[in-house]
Amino acid sequence: MPISSAPGPNIELMERVTEDGGWNHRLTGKKVQAINTGSYNYLGFAGNVGPCVEAAEEAVNKHGLAFCSSRQEYDMKSLESVLRQSVVQGQSHKKRPWKKILIIAEGVYSMEGSVLRLPEVVALKKKYKAFLYLDEAHSIGAVGPNGRGVTDYFGVDPADVEIMMGTFTKSFGAAGGYIAATQEVIDHIRGRSHSAVYASSMSPPVAMQIMSAMKIIMGEDGTDEGKKRLATFAENNKYFRRRSREMGLLVLGHDVSPIIPLMIFSPSKGCAALRELARRKIAVVGVSFPVTPTLTQSRLRICLSAAHTIEMLDKVLEGLDYVGDFLGLKNGKRSKK
C-alpha cells in the first residue's frame, strides 16, 4: 500500500483494492494506521516529532530549505583465495604484482542480517597489504555499544579501515551519507568524484537533523537519551528474534543485526502473508526475486526501532504466529522458551 505519513513506529497506509487480479489498483480514499516494521528507523529519529524535528524546523526558519552551492560478498576462505590469486597473477598486461587491492565489504548484509567478521577481514587485509572499504549503511548508529558500527562492536581500530562509508537515511532519519578516510583520500574524492563535484549541497534542515541525532547518540546533548535508545533498540531486536524462533520461524542473521529476515521461501505465500498482516494493521516488507538470488529464497524482512514498544512487538509477533500456522511458514526448528 502507498505510504502517507512519516516512517515512525506507526505508519499511515492508503488503502487500495484490485478488481483484476492485481494488474490495476484503485485507491479507496481510506487510510489505515499500522505498526511499521518496514522502515530503517533504527533509533526512532525518523518521526515527525522530537528534538531532531524541532532543530530541523529551526534551521528552515533560519536558513531556508536549501543552499545554492554545489557540493561480492565472500567468506574468509574465499576472500583469502581471491587476494592470493590477485597477488600471484598480477597485472596481466604488465606482468607485475598488484600494488593496490581493494576489499569492499558491508558491516551488516541487508538481505541476510549477518554481521561482517571484521577482525578476520582486517587480518587478511594486513597479511596481503590490501586496502579495506567498509560500507556501514546498516550498522552505523545501530550496532556497537556506542552506536559506531562494526568497528565499535568488535573493538577494531577505525584506523585499520582505509575508507568507511555510511548513510544518514537509516539510524539518523535524514538523507545523504558520508565518506570517512585520510585527508589525502578525501581531497581526491572532492576533486575527482562527479557525485561530489556536481552534487547540490545538503539542505539546512537535513543537516540539522543529522547533527541533532549525532549529538543525542554521542551524549553531547547533555542527556543519556542516546544510550537509552541504543539499549532499547538492542533489547527489542533480541526479544523479537527470540520470540520468532520460539514459535518456529526460520530467522537469519546475528542477534545484534538491525535486520531480521524471516524465511518463507514461497513468493505466493509471502504475498498472502503480507495481505493478512496488512489487514491486521501490521506493515511488513516482503522480498523476493530478483532482489533475492532465486524465487525460492523469498523472505519477510523486519526492521525494528527503538520507538517500538513491547506491546507493538507482541502484536506483530501475534500476527506472524497466525500467518505462520495458517500458511505453513514455520520452517525453523522450534526453540525452547
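Assorted remarks:
For every residue, the table says whether it meets (1) closer than 23 Å to residue 228 by Cβ; (2) in a helix (DSSP H, G or I).
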{"site": "120", "(1), (2)": "no, yes"}
{"site": "138", "(1), (2)": "yes, no"}
{"site": "152", "(1), (2)": "yes, yes"}
{"site": "156", "(1), (2)": "no, no"}
{"site": "165", "(1), (2)": "no, no"}
{"site": "178", "(1), (2)": "no, no"}
{"site": "186", "(1), (2)": "no, yes"}
{"site": "191", "(1), (2)": "no, yes"}
{"site": "207", "(1), (2)": "no, yes"}
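- Single match in 206, 256 (criterion: farther than 18 Å from residue 115 by Cβ and among the hydrophobic types (A, V, I, L, M, F, W, C)): 206
- Hits in region 299-336 (condition: closer than 30 Å to residue 147 by Cα and either at pLDDT below 90 or not in a helix (DSSP H, G or I) (or both)): 299, 300, 301, 302, 303, 304, 305, 306, 307, 308, 309, 335
- Residue 209 vs. criteria within 30 Å of residue 49 (Cα to Cα), among the polar types (S, T, N, Q) and more than 16 Å from the chain's Cα centre (by Cα): yes
Let's see how each residue does on (1) buried (at least 16 other Cβ atoms within 10 Å of the Cβ); (2) among the aromatic types (Phe, Trp, Tyr); (3) modelled with pLDDT of 95 or more:
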| site | (1), (2), (3) |
| --- | --- |
| 216 | yes, no, no |
| 220 | no, no, no |
| 223 | no, no, no |
| 230 | yes, no, no |
| 233 | yes, yes, no |
| 240 | yes, yes, yes |
| 247 | yes, no, no |
| 253 | yes, no, no |
| 258 | yes, no, no |
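- Taken as a whole, the structure places residue 229 among residues that are among the basic types (Lys, Arg), under 30 Å from residue 59 (Cα atoms) and outside any loop (DSSP other than H, G, I, E, B).
- Residue in region 7-17 that is in a loop (DSSP other than H, G, I, E, B), surrounded by fewer than 16 Cβ atoms within 10 Å (Cβ to Cβ) and not basic (Lys, Arg) present: no
- Members of region 57-84 that are closer than 30 Å to residue 118 by Cβ and modelled with pLDDT under 75: 72, 73, 74, 75
- Taken together, the residues in region 21-66 that are in a loop (DSSP other than H, G, I, E, B), surrounded by fewer than 21 Cβ atoms within 10 Å (Cβ to Cβ) and hydrophobic (A, V, I, L, M, F, W, C) amount to 4.
- Qualifying positions in region 273-323 - among the small types (Gly, Ala, Ser) and out of contact with any Ser or Thr (no Cβ under 9 Å at 6 or more places or on another chain): 273, 278, 319
- Of all residues in region 122-136, those satisfying the criterion of being within 25 Å of residue 229 (Cα to Cα) and not in a loop (DSSP other than H, G, I, E, B) are 134, 135.
- Output for region 111-123, where each listed residue is under 23 Å from residue 264 (Cβ atoms) and surrounded by 20 or more Cβ atoms within 10 Å (Cβ to Cβ): 113, 115
The values are calculated or read from the model by the stated rules, or taken from the named source; none is laboratory data. In this text, all values refer to a predicted model and were calculated from it rather than measured experimentally. No Cβ is skipped: glycine too gets one built from the backbone with ideal geometry, and neighbour counts run over all protein chains shown.
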